């Protein structure tokens, strides 16, 4: 086992799609740009856009798939929460599409509104696309949400197992 902690990505997702993710009806997030350091066991902190404007919860990455959109549709059509027409429009003129398969979606007890985030996280800005969080930002979110974000990741569990003392 490797001594890895998960990368944590802050991702902006439209309210409609975020609701579908946390309700379990959407298990794949589609992107035109691949987040560079995102692999199995990494975590996504979900920022829900207008009208919600809040951190809503966290989920784990099962895998990331990249392929031509016409082939990608075949594996995501029943998991992406989007019609073929909208899928086709989204990937228009793209030679590669990315699908982030999701698992273990956990919403916070109550969403953390943008105003509260800006009170406690001085330089917080919702990402246009995505951005990776630093350790201090992760700790701050865990404190505000009163939620152990890292415990959701398989990477985090592997890291904890490696650190257990041998008898």
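Helix 135-145 axis versus longest C-alpha principal axis of the chain: approximately 90°, rounded to the nearest ten. In this calculation the C-beta distance from residue 119 to residue 139 is compared with R0 = 25 Å, giving a FRET efficiency of 0.95.
Shown for 53, 155, 16: other C-beta atoms within 10 Å of each C-beta, ranked fewest to most, produce the order 16, 53, 155. Relative to the longest principal axis of the Cα atoms of the chain, the long axis of helix 154-163 lies at roughly 30 degrees.
For the chain, the percent of C-alpha pairs falling in each 5 Å distance bin, counted from 0 to the bin holding the largest distance, reads 1, 9, 17, 21, 19, 14, 9, 6, 2, 1, 0, 0.
Based only on other Cβ atoms within 10 Å, what is the fewest-to-most ordering of 20, 67?
Working: 20 17, 67 14.
Final ranking by Cβ density, sparse to dense: 67, 20.
Taking the fewest neighbouring Cβ atoms within 10 Å as the starting point, the ordered list for 113, 26, 79 is 113, 79, 26. Relative contact order of segment 34-143: 28 percent, from C-alpha pairs under 8 Å at least 6 residues apart in sequence.
Every number here is computed from the coordinates shown, using simple stated rules; none is lab data. Values in this document were obtained by computation on a predicted structure and should not be read as measured data. All Cβ positions, even for glycine, are placed from backbone atoms using ideal geometry, and neighbour counts span all protein chains on display.
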